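Here the structure is laid out as C-alpha cells; the discussion comes afterwards.
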C-alpha cells in the first residue's frame, strides 16, 4: 500500500470562521473558511472514492439533504452522498439536526420548504465532542454554529438546500423533495469495540469510521485492499518526523533539519548537536519499527547515508 500525505484545500463559506486554530493554521486573512478538504497532491492521480474534510462553523449551515446513488444517477451524477461526522469540538449548547420530528408527504415537505416551517420540523439535538453521527443519503440534516467536525463522505458535492436562515442563496426545492426521506432519521448502530485500541464509531455501506487510541511504544501495520484515510489528532516525535519526510517527498531531509523541526524551529538554522542527531536516529528507528519498514528493504522511508532521509520510491 502506497503511503501519501494529503494536501489541504481551503473552501470558503459564509457560515465559516476566520480563525481555525488550534486545528489548522490555514486562512488568517480575515475571510471566513468553512471547510478544509484533504486530497491527493497529484492532480493526475485517480480520484479517491471518499472525501475527508474538516468543518468549522461560525454560523448554522443550511438545512439540506443529499441524494442516494439511485436518485443521483437520474440527474446525471455518478453517485450520491452518505457521510459521517465526528465531533472534534462543540461549544456549549451547539446543535446538530438529523431527520424530522414526524413523517411528511411530498406535498407537505414542499410546502414546509416554501414557507420556511421546515426549520421547526427538524429534530435538533445537542452535539458533544467525541460523538459520531452517520448521515445516510436522503436524511434531512443541518449543522449548527460553534462546531468543529471531521467528516468522511462519498466523494460528491450534491446538496439540495431547503432553508438557509435568511442568506441570499438559492433553495433547491424540487431536488430536495425528490431526494429526501421525509421523516425521522434511521436508528444508528452502536459503536463496536474491536480491541483496546480500535473502536468503530460509525459504519455505512461506503465506509467504516474508526477511532484509534494507540499506546506509546506499540507497533502497528495497516493492511488494506482499498483506500484508507487517517486524521491524526494527537501524536509524538515519530509522527513529526514522518510528516516532515512525507512533505519532502523524494527530496532528502537532513538530520539537522529534522532535529530543528522536532524542536519546533521550522525552517530555522539553529545549533544542532551530536546528541540532537542521535535523538533523530533513535526516533527514526522507532518509527521504522512502527511502520514495519526495514532499512535493508524500505517501503516508506529511505536512508541516504551520511545525509538524511527521504520518502522511498513507490513500488
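Details
- Every residue from the stretch 248-262 that is modelled with pLDDT under 80 and surrounded by fewer than 14 Cβ atoms within 10 Å (Cβ to Cβ): 249
- Filter result for residue 175 (more than 19 Å from the chain's Cα centre (by Cα) and farther than 30 Å from residue 299 by Cα): yes
- Some residue of the stretch 162-174 being surrounded by fewer than 18 Cβ atoms within 10 Å (Cβ to Cβ), on the phi > 0 side of the Ramachandran plot and in contact with a helix residue (DSSP H, G or I) (Cβ under 9 Å, 6 or more places away or on another chain): yes
- Considering only residues in the stretch 88-111 that are farther than 14 Å from residue 179 by Cα and crowded, with 20+ Cβ neighbours inside 10 Å, the one that is farthest from the chain's Cα centre (by Cα) turns out to be 100.
- Residue within the stretch 14-31 that is closer than 23 Å to residue 170 by Cβ, touching a residue at least 24 places away in the same chain (Cβ under 8 Å) and surrounded by fewer than 20 Cβ atoms within 10 Å (Cβ to Cβ) present: yes
- Scanning the stretch 131-138 for any residue that is closer than 18 Å to residue 189 by Cα, surrounded by fewer than 19 Cβ atoms within 10 Å (Cβ to Cβ) and either in contact (Cβ under 8 Å) with a residue 12 or more places away in the chain or in contact with a strand residue (DSSP E or B) (Cβ under 9 Å, 6 or more places away or on another chain) (or both) turns up at least one such residue.
- Scope the stretch 168-196; condition in a loop (DSSP other than H, G, I, E, B), under 22 Å from residue 128 (Cβ atoms) and in contact (Cβ under 8 Å) with a residue 12 or more places away in the chain; matching residues: 185, 186, 188, 189, 191
- When the test is whether a residue is more than 30 Å from residue 223 (Cβ to Cβ) and outside any loop (DSSP other than H, G, I, E, B), residue 37 does not pass it.
- Residue among 52, 26, 5 that alone is under 27 Å from residue 130 (Cα atoms), in a loop (DSSP other than H, G, I, E, B) and touching a strand residue (DSSP E or B) at 6+ places or on another chain (Cβ under 6 Å): 26
- Residue within the stretch 40-49 that is surrounded by 17 or more Cβ atoms within 10 Å (Cβ to Cβ) and either more than 14 Å from the chain's Cα centre (by Cα) or not in a helix (DSSP H, G or I) (or both) present: no
The values are calculated or read from the model by the stated rules, or taken from the named source; none is laboratory data. Note that the structure is a prediction, hence the values are computed from the model and not measured. Note that we place each Cβ from the backbone using ideal geometry, even for glycine, and neighbour counts take in every protein chain shown.
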